[in-house]
Structures are given as C-alpha cells and as structure tokens.
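See structure below.
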Amino acid sequence: MRFLIFMIVLNWRVLHRTHAVPGGRSSYRDSPHENPALIQCGEYSNQVLPNGMCKIVAMLPQLDDHRCPDMFRCTDEVSYWLHENEERKQQILELRELISELQEELRNHRHRIKILEMQNEERSSRNSTVERRIHDLEQRSHESHTLQHIQATLIYDMQAQIQNLSLMVEWARRNPSCMAAADMRANQDTQHSDMMHSKNCPIDCGDIYYGGTRRSGVYTIMPSVGGMPTEVLCEMDTEGGGWTVIQRRLDGSVNFNRTWKEYREGFGDLNGEFWLGNERIHKITSQGDYSLRIDLEDWSNKHKHAFYQRFSIENEANHYRLNVDGFSGTVEDSFAWYHNKRSFSTPDSGNICAEISHGGWWYHQCFFANLNGRYYKGGRYVGKGRRVLEPDGIVWYTWKDTDYYSLKKVIMMIRSRTFRPHVSP
C-alpha cells in the first residue's frame, strides 16, 4: 500500500495552538519535531517553522485504495480553524474600527467637557462678581439704614431737647424766682422743710400742697435733680394729700404692654390711665427720702392699700432697680418681700417674665405683684382660647391667693417722708 504525504502549511500563529478542535483532539502536537515517516495512515503531525508559521504533515492513501478515516476530520479541522481565523480577523478589524470610533467620541467628549468647564469657570467668575456686588450693595444699604436710624434718633432727641428748652424758657419767663430756688436746692444737702418749699417752683406735689393748693389735679413741677418742667397728677385727698401719682389703672383704656423706651419716658393720659415714666420717677425719688402708697380695688368695690416707708428707683444705667421696704397696710405684702432690689424689665428687654406677663415691672421669676399687667374686666380670668404660659393680669397675689384674679383699679403714688399736712391752708 502506497501512501501520500500531504503537507499543509497554515498561516496560523503558535499563539493559537492550544485551541480545541471538533472531535476533542488538539489541533497541534506538542512536539514540533516528529518524524513524518512514523506517521500512520490517516494521522497527521505539526511543526512550528522559524517564521512562526505552522506546518501540518498527514499520510494519505492512494485514490484506488481505502482512505485514512481521520484525514477528512483533519481537513474539516483545518477548514474550521481557517474559517475561525477569518472570522476573528474580521472581528478584530471591527473592534479596531469601534475602538477608533470610541476614541474619537471620547476626544469629542473631552473637548466638550473642557468647553463646559471653561464656561462654568466664566459663569462662576461672573456670579462671584455679581455676588460681591450684591453683598456690597446690601452692606451699603444696611449702613445707610443704620445711618438713617441714627439720624432720625438724633433729630428726635434734638426736637425733644428743643421742646424741653422751650418749656424751660417759658417756665423761667413765667417764674423768674423759680430758677434761683432750684439752684439753691441743688447746692444744699437738706431734707424737705417749709423753708425750702416754693409756691412758684415746686419739686413735687408736696410743694404744690405747701404752696396752698389742696385740690387734686394736674400740675407742673420741676424736680431739683436734673429737673425739667414736668406735668404730674397730684392726689390731695388721700391721707392728708401731697401725693405725686406715678401710675394709675382705671378701665383698661391704655395698653401697658409697652417698650423699654416708652416706660422710660412715660405714656398714657394724666387724666386717665398712665405710667409717669421711670426717668421722672428716678429724678423725683433722688431728691430725698420718699414713701410709696398703693391703693387697690377689686371688682366687688372693696378697697385695700399697701404702704412702704422707703421707695426709690435707680438710674437707667442700673436698669431702674427697685428699692422698697418698711411695709404696712390693710393687705398682705406681695411687693417688697419678693420684688425689692430687682431691675425693671419690659417685653422687648429680653426678660421672659416681662414677655409672657405683657407689661413692664420689676419681675423676679416672675411676680407676686404685677400692677402693669393686662386688664381683665370682671376679675377672674383663664387662658382659654389663646396661648398663655403664665398669668398676666393686674395681680396682687396675697389678696386673692391666686394669680388669676385681675384687679379693677390701682393707683401708685409717692410722697416725701418728711411731709406733714397742714390743718389749714
């Protein structure tokens, strides 16, 4: 039997020699140096050439004899790998084209991103400039508003000073001897006496009384301590008269939920409800030793009073701190024992008691007496229908033993401790 040696040289790189082929047999032998003479019919071997090509050697029978059974499988494998090689070449080319397209698209995206970054930086720069300008404008507006407020305050103060000077000039014109008397009082450290009282220049309602006036009403006084002409209500009927009224509640016609400035300067109507003003009270009580009387009336028309031998308030720098003691009267004390030495506070001064009690007072966690509180008609009140954290009525706790009873009328008035009523004018 003759055999033909069929040699095929494939352009197949050694890199692919481990790939499986149909039939489960490796497409290449591990040894590239097998002897072709030892090959049996239908078998084949391979050899790696120096140029990286792969040589396949197969033994085939003559055409008139039987064929090697494995040869057709061998050619099928060769054909299969040739076909696979072409497909993979095509896939690689397609992948290269796709990669090239993707790289181009990536470059375009990077270019767009760069443009967006530059635009963003430009916008940020513009926004930063605008923000700085807005901030500058806001700051200038705030400064302008502050300056306008200061200017308005200065104008208001100047107007008040001009008004005070006008009152002083008018007072001096009508009372030429008053200025000399005021200077004399300011230069002498003496208590009130008949020798010091002047009909034309009274320093309080005691002086009005000593000047021969016995009827209650509104009069003008001129305190000797930093005094300016001031209108006050004088009470001449209670316990001998000579009382200067500093507070009065009658019917709820005046709102006592006021600011620090309003309590300092005073508010209301001297013929009705009012607060004389902390600054005026301070100047009057700084002239000597003063006493305080508080008259109370409930909604059953019952009257009681509290009397304190010593009463004064300090200046604004000390928050008009209260000094009161020496209690007596027809009602138990709810004022001095709890509120003495306390600073005055208002709802806008940052004191929570003043805020929830809706008034200005010498609060102390918070009160046993609250004579500047909210006016409730009928007396007893509750917090229904609105938010109330604490009682806020006109309260004198020890009279009703409750914080939720608001009195009908209250009057606070002061008088010199040396005051002595005359039997006749």
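The values are calculated or read from the model by the stated rules, or taken from the named source; none is laboratory data. The model shown is predicted, which means the values in this text are computed figures rather than measured ones. Here the Cβ is made from the backbone with ideal geometry for all residues, glycine too, and neighbour counts use every protein chain on show. Accessible surface areas use protein heavy atoms only, side chains included; no ligands, DNA or RNA. Shrake-Rupley method; radii C 1.70, N 1.55, O 1.52, S 1.80 Å.
Modelled label-to-label distance, R110 and D289, 7 Å Cα→beta-carbon offset: nm?
9.8 nm
With the crude spin-label approximation of a point 7 Å out along Cα→Cβ, what separation in nm comes out for D401 versus H364?
2.4 nm
Would segment 293-394 count as rounded, prolate or oblate if I go by the C-alpha gyration tensor, calling it rounded below 1.5 in a/c and otherwise prolate when a/b exceeds b/c, oblate otherwise?
Because a/c hits 1.5 or more and a/b fails to exceed b/c, segment 293-394 counts as oblate.
Lysines near K377 by alpha-carbon distance under 25 Å, same-chain residues fewer than 8 away left out - which ones?
Reachable lysines: K302, K304, K400, K408, K409.
Provide the FRET efficiency to the nearest 0.05 for the M228-H422 pair, computing r from the beta carbons and using R0 = 25 Å.
Approximately 0.30, to the nearest 0.05.
Can you give the Rg and Dmax of segment 228-311 based on its C-alpha atoms, in angstrom?
Gyration radius and largest Cα-Cα distance of segment 228-311: 13.5, 41 Å.
Under a point spin-label approximation (7 Å from Cα along Cα-to-Cβ), what is the N85-N315 distance to one decimal in nm?
Going from the N85 label point to the N315 one covers 11.3 nm.
When ligands, DNA and RNA are left out and all protein chains stay put, how many square angstrom of accessible area per residue does segment 256-329 have with a 1.4 Å probe?
Roughly 41 Å² per residue, with all protein chains present.
Around V410, what is the net charge, scoring Lys/Arg as +1 and Asp/Glu as -1 over all other residues with Cβ under 9 Å from its Cβ? Before the final figure, lay out each step's value.
Values: positive: R248, R249, K408, K409; negative: D295, E297.
Taking every other residue near V410 into account, the sum is +2.
Leaving out ligands, DNA and RNA, and with a 1.4 Å probe, what % of the accessible surface on segment 203-333 is carbon or sulfur?
Carbon with sulfur: 42 percent of the solvent-accessible area.
Show me the ranking of peptides 397-409, 138-150 by mean Cβ neighbours inside 10 Å, starting with the highest.
397-409, 138-150
Once fully extended, how much extra length lies between H135 and T330, figured as 0.36 nm per residue of separation less the alpha-carbon to alpha-carbon distance? Mind dumping the intermediate values first?
Numbers: separation 195, 0.36 × 195 = 70.20 nm, distance 6.44 nm.
Computed gain between H135 and T330 is 63.8 nm.
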